[in-house]
Amino acid sequence: MKDSILFKLRINIPELDIYSPNVGTFSGIYNAEILVDENNSNAVSLKIFYDGKEYLDHKVMRWEGENENLMLSKFEIMDILQPDNLENISFLEYGYKGITSGTSLYRKGFKYFTIHLKGVRFIYNNSEQDNSVFFLNQQAFQLIENNYRYHSNFPWNTSAYKWKPLHKVKEFISFNGIHFKPEHYFYASNSTESVVSIKKEPKFSVQYSELTAAEIKNHILLICALYSFYSHQNITYSLSRIYTDDKLHIEVKDVEDKAVSNEHGLFRWVFFQDPLNLILQVDIPHLLENLEFVLLIIERFNYALETKGESRFMILYNILEQIRNQYILSKHIEQERAGDPPNLNRVKEEYTFTTSKKKADNFIKEQLMKVAEIIDEEHQEQFIKDVPFKLTPIKVFSMTNQFQSFFNFINIQVEDFELDFVQIKSLRDSIFHGRPVSENIELLHQINSYKRLPMFVGTVILKYFGITEVSKTKLVK
């Protein structure tokens with residue numbers, strides 16, 4: 001992307017002149033340029049050029065201050081001016097990080113201001129064919145580095161010095177519709193007469209045939225998600241180059257880069273300290289078909305592990321609910337109650353009563369009013385007011401029973417993780433209804449310990465991934 005990327009841009013904000021009515025009139029269409037910093041692939045800049053008399057930067061920044069995060073939705077890409085083989089530009093869906101302006105910013109007689117984008121995609125007409133490549137963020141570095149060992153030959157006399165990275169993964173790995181290889185990109189970052197520095201960047205090289213760019217990207221998103229689940233780090237790509245037929249698709253994204261002290265997560269020993277032993281055992285077609293859901297639960301699971309207390313507990317419990325709902329919607333459990341097509345609301349089925357609905361409601365109300373007699377006077381009035389809202393919870397099957405068919409189907413025993421699901425459900429209800437967490441703080445701490453609820457929920461996720469016998473995973477690499 002060394003060529004300048006120039007195009008016409010329309011700004012669809014007809015009322016923009018009201019922010020500076022006494023200066024030049026807003027013209028609407030402008031020359032624009034996108035720049036990607038070669039030293040920082042995350043840095044994408046959009047420069048917009050305008051007549052200085054118009055004060056476009058001032059107008060746009062005032063409008064943006066009143067309409068935060070809506071600015072790019074008002075931009076429309078018109079004619080692409082340069083380079084000739086660039087077919088499409090897309091940056092509207094990525095968002096932006098800020099705007100830079102200044103009175104001294106001029107080029108060829110035009111002022112300009114800069115919008116710092118979070119990402120951009122280009123499609124080029126292209127006859128070249130090569131392996132596609134996805135450069136990863138630094139959270140992936142050590143996981144990729146673990147695939148290497150290095151041979152160094154330090155000669156004593158006349159033999160040549162050799163430094164050679166030896167990759168343990170000899171061949172590309174089959175992954176549904178693609179073959180990929182986790183590896184480093186090696187290059188000299190600087191050199192002097194006496195020092196040469198070799199830099200390594202993690203990446204996936206990808207081979208495939210007859211797939212669209214979107215299908216290739218989905219495969220890589222899934223692989224990144226599985227790496228993320230294994231390590232509990234957000235692993236993604238910052239730069240991609242995808243070759244399809246006569247097109248080259250380039251995407252640049254703003255991603256988080258941070259050093260990782262431990263690249264192995266909860267299941268390091270289950271998968272023999274190698275995420276490829278996870279990746280090669282999942283049900284890939286199933287996960288690709290449900291990719292959006294997979295990305296969501298992995299993101300939420302990893303986020304839960306970064307939190308503590310009731311936040312961790314409630315997020316993990318919600319993941320169980322969401323996975324259970326997926327099994328209901330896919331007609332694996334609760335088919336009779338959910339109906340066809342499945343309806344989650346129907347699963348909350350009521351007990352069958354021996355009398356009419358009206359008589360059953362009246363009977364329950366009468367019994368609750370008797371309960372009110374033994375409630376302290378301070379809370380008695382509130383309890384009586386709440387009686388109409390207590391009918392439904394009494395009449396429907398408990399959530400514990402509703403979860404049991406789910407746990408039976410995936411063949412998991414809550415007790416194996418030193419957990420009591422009745423206790424978990426009770427704690428969830430207590431937190432949900434606003435009772436002070438201090439009442440259950442010790443229990444909450446015990447349930448939240450890594451070997452209990454986090455490991456249990458993580459195992460449920462693995463079973464959803466298609467690994468039915470988590471304790472018997474194989475060394476496949």
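Each value in this text was obtained by applying a stated rule to the coordinates, not by laboratory testing. This is a predicted model, so every value here is computed, not measured. FYI the Cβ positions are ideal-geometry reconstructions off the backbone, even for glycines, and counts take in every protein chain you see.
Report the charge-dipole magnitude of region 237-394 in Debye, nearest 20, computed about the Cα centre from +1 at each Lys and Arg Cβ and -1 at each Asp and Glu Cβ. It would help to have the intermediate numbers written out before the result.
Working: 20 positive and 28 negative charges, 93 e Å.
My answer is approximately 440 debye.
Of Gln273, Met369, Ile11, which is farthest along the charge dipole of the chain in the positive direction, counting Lys and Arg as +1 and Asp and Glu as -1 at C-beta?
Of the candidates, Gln273 comes out farthest on the positive side.
Give me the extension gain from Arg268 to Thr25: residue separation times 0.36 nm, minus the current Cα-Cα distance, reported in nm with one decimal.
That works out to 81.2 nm of additional length.
Could you grab the Rg to Rh ratio for region 191-313? Cα atoms only, Kirkwood for Rh.
Reported Rg/Rh (Cα atoms, Kirkwood Rh): 1.03.
Quick check: the angle from helix 357-372's long axis to the longest principal axis of the chain, C-alpha only, nearest 10 degrees?
80
Among the listed pairs Lys390/Lys451; Lys59/Lys247; Lys203/Lys463; Lys47/Lys217; Lys168/Lys247; Lys247/Lys463, which have their C-alpha atoms separated by more than 30 angstrom in this model?
Lys390/Lys451; Lys59/Lys247; Lys168/Lys247; Lys247/Lys463, as the Cα separations exceed 30 Å there.
What are the aspartates and glutamates whose alpha-carbon lies under 15 Å from the alpha-carbon of Lys425, with same-chain residues fewer than 8 places away excluded?
Glu310, Glu321, Glu415
With all distinct Cα pairs included, what does the Kirkwood hydrodynamic radius of region 232-285 come out to in Å, to one decimal, could you say?
Hydrodynamic radius (Kirkwood, Cα pairs) of region 232-285 is 14.2 Å.
Which residues does a label at Glu87 reach in region 123-140, if reach means a backbone N under 19 Å from a point 7 Å past the Cα toward the Cβ?
Taking a point 7 Å out along Cα→Cβ of Glu87, the residues of region 123-140 whose backbone N falls under 19 Å are 123-133.
Would you report the distance distribution of C-alpha pairs in the chain as whole percents per 10 angstrom bin, up to the bin with the largest distance?
3, 14, 20, 19, 18, 14, 8, 3, 1, 0, 0
Given the options Gly24, Asn40, Tyr55, identify the residue whose Cα lies farthest towards the positive end of the charge dipole of region 24-71 (+1 on Cβ of Lys, Arg; -1 on Cβ of Asp, Glu).
Value: Gly24.
Taking Cα pairs under 8 Å and at least six residues apart, what relative contact order does the chain come out at, in percent?
So the answer I get is 12 percent.
Going by alpha carbons, how many degrees (0 to 90, nearest 10) lie between the helix axis of 213-231 and the longest principal axis of the chain?
60
Across the Cα atoms of region 88-150, what radius of gyration and what greatest pairwise Cα-Cα distance (Dmax) are found, in Å?
19.0, 55
With +1 on each Lys and Arg Cβ and -1 on each Asp and Glu Cβ, how big is the dipole of region 253-297 about its Cα centre, in debye rounded to the nearest 20?
Details: 3 positive and 8 negative charges, 35 e Å.
I would put it at about 180 debye.
Magnitude of the Cβ-charge dipole of the chain, K/R +1 and D/E -1, about the Cα centre, nearest 20 debye?
I would put it at about 760 debye.
What number, rounded to the nearest 500 deg cm²/dmol, is the helix-based mean residue ellipticity at 222 nm of the chain, given -39500 (n - 2.57) per DSSP H run of at least four residues and division by all its residues?
Working: 15 runs with 169 residues, N = 477.
Mean residue ellipticity, 222 nm, calculated: -11000 deg cm²/dmol.
Using R₀ = 56 Å, calculate the FRET efficiency as 1/(1 + (r/R₀)^6) where r is the Cβ-Cβ separation of Lys359 and Glu289; round to 0.05.
Taking R0 as 56 Å, the efficiency between Lys359 and Glu289 is 0.75.
Counting Lys and Arg as +1 and Asp and Glu as -1, what is the net charge of the other residues whose Cβ lies under 14 Å from the Cβ of Phe301?
0
I'd like the FRET efficiency for Thr100 and Ile18, computed as 1/(1 + (r/R0)^6) with the beta carbon distance as r and R0 of 30 Å, rounded to 0.05.
Efficiency, from the Cβ-Cβ distance: 0.80.
With the calculation restricted to Cα positions, what are the radius of gyration and Dmax of region 1-111 in angstrom?
14.2, 42
Between the helical axis of 309-329 and the dominant principal axis of the chain, each derived from Cα atoms, what acute angle in degrees is found, rounded to the nearest 10?
90
Considering only the chain, what is the antiparallel percent among its DSSP beta bridges, to the nearest 5?
100
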